[in-house]
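Structure, as C-alpha cells:
The values are calculated or read from the model by the stated rules, or taken from the named source; none is laboratory data. Here the structure is a predicted model, which is why all the values come from computation and not from measurement. Neighbour counts run over all protein chains shown; Cβ positions are idealised from the backbone, glycine included. Protein only, heavy atoms only, side chains kept; ligands, DNA and RNA dropped before computing areas. Shrake-Rupley method; radii C 1.70, N 1.55, O 1.52, S 1.80 Å.
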Amino acid sequence: MEFKTLPVVQGDYQLRDYDETVAAFSWADAEKQFSWHESGKVNIAHEAVDRHAESYRKNKVALYYKDGNRKEAYTYYQMKRMTNKSANVLRNHSTLERGDRLFIFMPRSPELYFSLIGTLKLGVIVGPLFEAFMEGAIFDRLSDSEAKAIITTPELVDRIPVDKLPHLKTIFLIGENIVEDGMIVDFNKHMKNASHSFQVEWMDKEDPTLLHYTSGSTGKPKGVLHVQEAMVQQLQTTRWVLDLNDEDIFWCTADPGWVTGTAYGIFGPMLAGGTMLVVGGRFSTEGWYEAIEEYGVTVWYSAPTAFRMLMGAGEGPMKNNDLSSLRHILSVGEPLNPEVIRWGMDAFKQRIHDTWWMTETGAQTICNFGCLPIKPGSMGKPVPGIEAVIVDDQGNILPPNQMGNLAIKKGWPAMMRQIWNNPEKYDSYFVNGEWYVSGDSAYMDEDGYFFFQGRVDDVIMTSGERVGPFEVESKLLEHPAVVEAGVIGKPDPVRGEIIKAFVALHEGYEPTDELKEEIRQFVKKGLAAHSAPREIEFKDSLPKTRSGKIMRRVLKAWELDLPAGDLSTMEV
Ligand code: WTA
C-alpha cells in the first residue's frame, strides 16, 4: 500500500504538518534515539527513566498519582531512585534471573510503577495482571509461563493457588503489617533500606520485556511476548499520535493489566520524557472530570465505553469542572461511534482521535495521527512505517472499498515476537509468512482510510476489554448445574458488547433466576467480574457440529434474529 512521505526532523518527531518533500520515515532512523545506537545494548527502563533523570528533565514530574486522598508526585530523578530501589529488593530477595517471569497483580499505585520498571531493570520479563482476576485466571497465566515470582497485595494474595504452582518461589507483598514467612517477602520493609543505585542489565533489542496474556476465540489465554525494540514505535507514536510535548500533562485511563496501560500508560509517555497522570480506583464521571481540572490534563487517552458513559451522564456533571485544558483526545479498544465524536466536539471543543491496534501489535498502528483530517467512523490511516492492507482468506490483497481481513506487513518494531509456549499458534497469524492477519474485518476507502467492520472470530470486546468465549464457557462448565454452554458478544449501546451465555442444564436442575445469578457469581469468582455473563439464557440443548463443537454463530443468529447461515455441519 502506498502512503505519503512524512516529515522527520532530527530531534523533532512531531507530525503536525504534512510536508511531502521531506524524506520518507524509517524505523532505522528512529532507533538512533536510543543507546543501542552507540553501545549496541539497551534497556527500556533506562530509556524511559534513567536517561531523563540524567538530563535537563531531572526535576520534571514523571508521574502524578491520585486515588481519593492519596496524592503523590515523582520527578524523573525520584523515579530513577525508586525503580533502582525496587530492582535491588527484587534481586536481593528472590532467585530471579534475566529472562525469568515475574507477575504484577495489584491495583494502580506508585509501587506498581516502581516495581514494574524495577523488574525490567533486572532483565526479568513482566506479566501484568488486572486486579479483577480470580484464581482460575491467575493459575492459567502463572502456570503457562512458569512464573517464579509475583508482586501483589495482602488483599489479593489469597487468589494465588500457590500449591498448584510449583515454579512459584517468591511472593512480594506490598501493604501493611506483613509477616515474612516461607515465600512471603515484605516489599516496603526492604524498600526502606535498599540502595538507590543499581546497574541496569544491558539487553539486546530482541530481548523480551513484557508478557501480556490475551484472549482468542479458542483455547486458554495466550501469552503475547514483546521485546525491547517495541520502544521505538511506542516513542514515535507518542510523538505523532498522542502529540505529546514537554509541557503536556497526559492521562491514559487504562490499567497496566491491559496493553494500553503499559504501552501508553507507562512507556510511550516516559520514553518521551512526558508527565503522566495515573488515577486509581474505578470509573466515575465526577472523579474523572475533577482529575482533568485538578491536574490540567492536556492530552487524554481513553476508550469508547468511557466516552459513552460520560456522554450518558449529560452536561450536568461537566459544568462543575473547567475542562478547557484539554487540547488532544484519543480513543482505543472498540469502534468509536461518529455520534461520540460529535458529542466530543460539543462537550470539549475537540475531535476525539480514534486509534486502532492490538495486544499483538504492541503499539498503535492505524490512527488518526497528527494533522490527518478525521473521517468520523474511520480509525484513520497506518502510521508512518506501518503498511496495512485488506486481504481475502487466501491472503490476496483486495482493492479499496472491499471488505476483508485487516492485515499488517510483518516486521514493525513493536510486533509480538512469540506466543509463549506455542510457536504453531504464532505462525498461524501470518499468511504467506508476510502479512499478520489481525482477526478484524475492515475495508479501506480510496483515500487510504480504514474502517473497522467487526471481529472475524468470536472474540468479545466488552467495555473495551477483550474476553475469549472459550474461557468463559470452560468456567461455566465447571458449575455442577451446567451441561453445555455457549458464549457470545451481544451488541450493547454503552459497552459495545455484553457477554451473553446460553446454557443447558443437567437433569434435575430448575431454570430459575436464582440459578442464573448463582452461575453468574460462579464465573465472577472463578475468572473475573468483567468475564461474567451479564445475560444468561437457558436452553434445552445447544446447536453443535457433528464433532460436538458449540456453534456460536448459530447462537448469535438466534440472538440477533438473523438467518443462521450454512447449517450443513450441524448435528441433527
Ligand atoms: C478492537 C487493545 C475498533 C479490535 C489495544 C482489536 C478496535 C481488539 C479499535 C484488540 C478501534 C481496538 N476500533 N476496534 N479503534 N482498537 N479494537 O488486544 O477488535 O485488548 O482486534 O488491544 O480491539 O484488543 P486488545
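Please go through segment 64-158 and write out the GluC sites (Glu not before Pro) that DSSP classes as loop and that have at most 14 other C-beta atoms within 10 Å.
Sites meeting the loop and neighbour criteria: Glu97, Glu146, Glu155.
Given q = 0.05 Å⁻¹, what are the Debye log10 I(q)/I(0) values for the chain, with equal point scatterers placed on the Cα positions and solvent ignored? Normalising to I(0) and taking log10 leaves -0.20. Its residue count N sets the reference 2.2 N^0.38 Å, and the alpha-carbon radius of gyration of segment 264-318 equals 1.23 times that reference.
Between His196 and Met403, residue separation times 0.36 nm minus the direct Cα-Cα distance comes to 69.0 nm. Quote the relative contact order of segment 131-187 in percent (integer), defining contacts as alpha-carbon pairs under 8 Å separated by 6+ residues. Across segment 131-187, relative contact order equals 32 percent. Could you estimate the translational diffusion coefficient of segment 472-542 from the Stokes-Einstein equation, with Rh from the Kirkwood formula over C-alpha pairs, at 4 °C and 1.567 mPa s, in whole µm²/s? Stokes-Einstein gives a translational diffusion coefficient of 107 µm²/s.
With a Förster radius of 41 Å applied to the beta-carbon distance between His37 and Glu339, the computed FRET efficiency rounds to 0.35.
Using only alpha carbons, segment 419-572 has a radius of gyration to Kirkwood radius ratio (Rg to Rh) of 1.01. Entry comment: accessible area of the chain is 40 Å² per residue, from protein heavy atoms only and a probe of 1.4 Å. Among Ala504, Leu515, Ala557, which residue has its Cα furthest toward the positive end of the charge dipole of segment 461-560, with +1 on Lys/Arg Cβ and -1 on Asp/Glu Cβ? Result: Ala557, furthest along the dipole toward the positive end. Computed from the C-alpha gyration tensor, the three semi-axes of the ellipsoid equivalent to segment 95-137 are 19, 14, 6 Å, from longest to shortest. Count Lys and Arg as plus one, Asp and Glu as minus one, and take only other residues whose Cβ is under 11 Å from that of Ser331; the net charge is then 0.
Starting from the Cα of Asp346, move 7 Å in the Cα-to-Cβ direction to define the label point; list residues of segment 278-308 whose amide nitrogen is under 16 Å from there. Answer for segment 278-308: 307-308. In segment 304-453, the alpha-carbon atoms span a convex hull of 129 Å³ per residue.
Net length available on complete extension from Glu446 to Asn432 is 2.5 nm, with 0.36 nm assigned per residue and the Cα-Cα distance removed. Over all projection directions, the Cα-based convex hull of segment 18-108 averages an area of 10.1 nm². Within a straight-line Cα-Cα reach of under 18 Å, Lys490 can be paired with the following aspartates and glutamates, leaving aside sequence neighbours fewer than 8 residues apart in one chain: Glu334, Asp440, Asp457, Asp458, Glu465, Glu471, Glu473, Glu535, Glu537, Glu559, Asp561.
Annotation: lysines with alpha-carbon distance below 24 angstrom to Lys58 (same-chain offsets under eight excluded): Lys32, Lys41, Lys66, Lys71, Lys80, Lys85, Lys121, Lys192. Note on segment 22-442: dipole from Cβ charges, positive end direction compared against Phe34, Gly404, Ser94; the farthest Cα belongs to Phe34.
About its Cα centre, segment 22-442 has a charge dipole of approximately 620 debye under the convention of +1 per Lys or Arg Cβ and -1 per Asp or Glu Cβ, with nothing else charged. Hey, what number do you get for the chain at 222 nm if only DSSP H runs of n ≥ 4 count, each worth -39500 (n - 2.57), divided across all residues, to the nearest 500? Only helices count here, giving -7000 deg cm²/dmol.
Peptides 78-87, 226-235 ordered by packing proxy, namely the average of other Cβ atoms within 10 Å per residue, highest first: 226-235, 78-87.
When each of the peptides 248-261, 293-306 is scored by the mean number of other C-beta atoms lying within 10 Å of its residues, the order from highest to lowest reads 248-261, 293-306. The value of relative contact order for the chain, using C-alpha pairs under 8 Å at least six residues apart, is 12 percent. The GluC sites (Glu not before Pro) of segment 404-455 that meet both conditions, a loop assignment by DSSP and at most 10 other Cβ atoms within 10 Å of the site Cβ, are Glu446.
A compact globular protein would have a Cα radius of gyration near 2.2 N^0.38 Å; the ratio found for segment 288-357 is 1.02. Computed over segment 160-250, the range of Cα coordinates on each principal axis works out to 49, 44, 29 Å, biggest value leading.
Spin-label pair Thr95-Asn396: with each label point 7 Å from Cα along the Cα-Cβ axis, the two points sit 5.7 nm from one another. Lys41 sits among other residues whose Cβ lies under 10 Å from its own Cβ, and their net charge, with Lys and Arg +1 and Asp and Glu -1, is -3.
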